[in-house]
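**Q** Before we start, here is the structure in question, set down as structure tokens.
Here, each number is a calculation from the coordinates, and none is a lab measurement. Everything quoted here is computed from the prediction, not taken from an experiment. Here Cβ is always computed from backbone atoms with ideal geometry, including for glycine, and neighbour counts include all displayed protein chains.
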Amino acid sequence: MPLLTLANHLTDYPTPKNLNYWWTFGGILTFCLITQIVTGLTLAMHYIAHADMAFESVEHIMRDVNYGWLIRYIHANGASMFFLAVYIHIFRSLFYGSYKAPREIIWIIGIIIYLLMMAAAFMGYVLPWGQMSFWGATVITNLFSAIPLVGEGIVTWLWGGYSVDNPTLTRFFTLHYLIPFLILGLVVLHIWALHVPGNNNPIGIDIKKPSKDTVPFHPYIVIKDGFALLMFMIVFAFFVFYAPNILGHADNYIEANPMVTPAHIVPEWYLLPFYAILRSVPDKLLGVVAMLSAILILAVLPWLDTSKIRSAVFRPLYKQFYWILVADVLILGYVGAMPAEGLYLLIARVATAYYFLHFLVILPVLGFKEKTLPVPLSITEPVLGGSPNLAAARNKESKIE
Amino acid sequence: MKNLFKLFSIIILIITSNSNSFAAEKVEYIKTDWSFKGLFGKFDRASLQRGYQVYTEVCASCHSMKYLSYRNLAEPGGPEFSEAQAKAIAASFEVTDGPNSDGEMFTRPGKLSDKFVMPYDNVKAAQAANGGAYPPDMSVLVKARGGGVDYIYSLLQGYEEAPSNVSLDDGVYYNKYMYGNKIRMAAPLSDGLVEYGDGTNATVEQMSKDVTTFLMWSAEPHLESRHQMGFKAIVYLIILTVLVYFSMKRIWSRVESEV
């Protein structure tokens, strides 16, 4: 059944014809996932998951394996590209209200995929067994020690010993290998669930399908997704071939050394906003709770947003708050990379507070207070008897495009 | 197309916000033209060979390069010594091998397949010989330092008299590019320290540049093929993107909505 859905997805699945380029990231993400799995399988053939040999085996891949450097750089930068695409995908959903009824299930599956991606990326970063691998693993696993009573026990259990060491590395490798296939399964469910209500669209209204408002997936969306994917691949290729280490941290080319702590321990860029939230709370346990809540709050977003209107195109106030949220997350990412002290810490605290304020207060209240613009009846047919509202709506739409 | 512009600006924002974070220490490194930078960047072969000479005559007495083999010296994209030269270089080192049929370890001249011989048997021995400081392995050193080649190049030339308000312990030296300005390595280079076979004047600046180039190669031995392949890949992608763009326009012209 899901497989039939997938086959259908690539052929005559009726798709709203007004989808813009922000809708091409679903296809791009599928490409990213497959790229990561294929390059990852190849790397696993040469990688040795042992604390004494992991770093050396990565150098072996970089030097002696035919095109090993290419495969590894694609895999390492592929993770960054994957997150870049997923953040655009998530923020597209936030802008156009794609998470709202009847698409809550798709959204929640998406959040689970995102969580698994973070787990996979974190464990993957540990595998080269460089300094950042080791100390990143130490910091993140130590978070569990904040759990009252059983915390310390859980950390020992995660490590398979009394510090991050070989048992930690081997289990991280195993899980890093497993998770992508869980993600793959969830992606199938994600697409399957999408087929029940069909795509949302920039106007955010329900459409009859198939109708004049839709086009068959093939060839219309296939070619458009293909074009966007190629643009994306150009950016990807630039990183792989000309700046393969710019997104990584230099310290990870120093072999892990439990006796030397790096000056600044920072995660990869895509985890920085959450790292900033974690560090902005003075209490360890509450910091962990805040960090987890920042992600899990997204899962209940369909019920926090009380507005009946999906697309921000017709929500003038929400649109402004949306861009403030985008800026807020970028700021969190920036301070996440900075030392947690002085002004940076203050900014991190304000930005963290605003992040939760957005979801817990602004969104629910906005649904009741906001005066929304009139929404057209369909994508093709003008609105409410062709009133000037259409022109307004069109204007709004072209602005965001 | 406006969308795409927005997308690129977001990408650029993310990159810049990220790379800023690594430029925390504000020291201006000494700039020089690196032949291996840019779209078509290639190593300067002569500089690599000179750099190897500096490494082996100066650095190698303390710094290992454990991920390199002597065969790498003859491989394309590297210093490209001839195979005979690389064999001769390898043979000039004593390598411990074994055990033989009597169960004894023995030494023999190095072969192309051998890894670079290490100056010390282990980390502890290296520390003992260097007043407690471990001279880091140089194989990927350039990639393991935030400033990369510019940092190494500057560090080698950054030794000065310590300012009067800085007191240095025995065996500690002042270097204006070192993190914290205190370094356990004495200035390794001085004018005329090595005698270049090709007659190049061995100034500190020249040696710094040559050995840094060599270190860049040792950290990224496939840099040249990466640049060549990257150019082809990106040109191919751009052509394909243009073709797909026009087919997309054509296909979408069947429906009135604009792409």
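**Q** What spacing in nm lies between the two simple spin-label points modelled at A:V260 and B:D44, each 7 Å away from Cα in the Cβ direction?
**A** Placing both labels 7 Å along Cα→Cβ, they lie 3.0 nm apart.
**Q** Sticking with this structure for a sec: Please work out the Cα center distance from the stretch B:220-259 to the stretch A:247-261, rounded to the nearest Å.
**A** The distance from the Cα centre of the stretch B:220-259 to that of the stretch A:247-261 comes to 37 Å.
**Q** Note the direction-averaged projected area, equal to a quarter of the hull surface, for the Cα convex hull of the stretch B:69-175, in nm².
**A** Directional mean of the projected Cα hull area for the stretch B:69-175 stands at 10.1 nm².
**Q** Going by alpha carbons, how many degrees (0 to 90, nearest 10) lie between the helix axis of A:25-44 and the longest principal axis of chain A?
**A** 20 degrees
**Q** At a 10 Å Cβ-Cβ cut-off, how would you order A:Y125, B:Y159, fewest neighbours first? Numbers along the way, then the final one.
**A** Numbers: A:Y125 24, B:Y159 21.
So the residues, fewest neighbours to most, are B:Y159, A:Y125.
**Q** Viscosity 0.890 mPa s, temperature 25 °C: Stokes-Einstein D of the stretch A:3-127 from its Kirkwood Cα radius, in µm² per second?
**A** Numbers: Rh = 16.7 Å.
Roughly 147 µm²/s, to the nearest whole number.
**Q** Something else: Can you tell me the mean projection area, over all orientations, of the convex hull of the stretch A:155-267's alpha carbons? Units nm², please.
**A** Mean projected area of the Cα convex hull: 12.2 nm².
**Q** Still on this structure, please answer the following. Could you pull out the pairs from A:K100/B:K249; B:K37/B:K209; A:K308/A:K369; B:K66/B:K182 whose alpha carbons sit more than 20 Å apart here?
**A** A:K100/B:K249; B:K66/B:K182
**Q** Next up: For B:D170 and A:L343, what is the calculated FRET efficiency with R₀ set at 35 Å and r taken between the beta-carbons, to the nearest 0.05?
**A** Efficiency for this residue pair is about 0.35.
**Q** For peptide A:224-235, compute the average count of partner chain beta-carbon atoms within 10 Å of each residue's beta-carbon.
**A** So the per-residue partner count for this stretch is 6.
**Q** Which shape class, rounded, prolate or oblate, goes with the stretch A:206-337 when its Cα gyration tensor gives a ≥ b ≥ c as root eigenvalues, a/c under 1.5 marks rounded, and past that a/b bigger than b/c marks prolate?
**A** It comes out oblate by the Cα gyration axes.
**Q** Right, another one. Once the stretch A:70-152 is represented by equal point scatterers at the alpha-carbon sites, with solvent omitted, what log10 I(q)/I(0) does the Debye formula produce at q = 0.23 Å⁻¹?
**A** The calculated log intensity ratios at q = 0.23 Å⁻¹ are -1.06.
**Q** Over all directions, the average projected area of the alpha-carbon convex hull for the stretch B:64-109 comes to how many nm²? Walk me through the numbers before you get to the answer.
**A** Details: hull surface 16.1 nm².
The directionally averaged projection comes out at 4.0 nm².
**Q** Here is a follow-up. Would you mind computing Rg(Cα) / (2.2 N^0.38 Å) for chain B, counting N as its residues?
**A** On the way: Rg = 24.2 Å, N = 259, 2.2 N^0.38 = 18.2 Å.
This ratio for chain B stands at 1.33.
**Q** Continuing with this model, one more query. Is it possible to state the helix-based mean residue ellipticity at 222 nm for the protein assembly as shown, with each DSSP H run of 4+ residues giving -39500 (n - 2.57), the sum divided by total residues, to the nearest 500 deg cm²/dmol? What is it?
**A** So the calculated ellipticity at 222 nm is -17500 deg cm²/dmol.
**Q** Also: Sort A:273-279, A:336-342, B:211-217, A:49-55 by packing, meaning the average of other beta carbons within 10 Å per residue, with the highest value first. Spell out each step's value before the answer.
**A** Numbers: A:273-279: 24.9, A:336-342: 16.6, B:211-217: 26.7, A:49-55: 18.1.
Most protected by this proxy first, the peptides run B:211-217, A:273-279, A:49-55, A:336-342.
**Q** Find the Rg to Rh ratio for the stretch A:265-342, where Rh is the Kirkwood radius over alpha-carbon pairs and Rg uses the same atoms.
**A** So for the stretch A:265-342, dividing Rg by the Kirkwood Rh gives 1.05.
**Q** Take the alpha carbon gyration tensor of the stretch B:16-141, find the square roots of its eigenvalues, order them as a ≥ b ≥ c, and report rounded if a/c is under 1.5; if not, report prolate when a/b exceeds b/c, else oblate.
**A** Oblate, because a/c is 1.5 or more while a/b does not exceed b/c.
**Q** Another question about this same structure. Points 7 angstrom from Cα along the Cβ direction at B:S225 and B:L243: gap in nanometres?
**A** Placing both labels 7 Å beyond Cα along the Cβ direction yields 2.6 nm.
**Q** Additional query: Arranged by the count of other C-beta atoms within 10 angstrom, fewest first, what order do A:W192, A:W323, A:W269 take?
**A** Going from least to most buried by this count: A:W323, A:W192, A:W269.
**Q** While we're looking at this one, here's another question. Along each of its three principal axes, how wide is the spread of alpha-carbon positions in chain A, in whole angstrom units, largest first?
**A** So the three principal-axis extents are 74, 48, 38 Å.
**Q** Another question about this same structure. Within a 10 angstrom radius of the beta carbon, how do A:D283, B:D102 rank from fewest other beta carbons to most?
**A** Working: A:D283 10, B:D102 7.
Neighbour counts put them in this order, fewest first: B:D102, A:D283.
**Q** By the gyration tensor of its Cα atoms, with a ≥ b ≥ c the square roots of the eigenvalues, what is the shape of the stretch A:58-107: rounded for a/c under 1.5, prolate for a/b over b/c, or oblate?
**A** prolate
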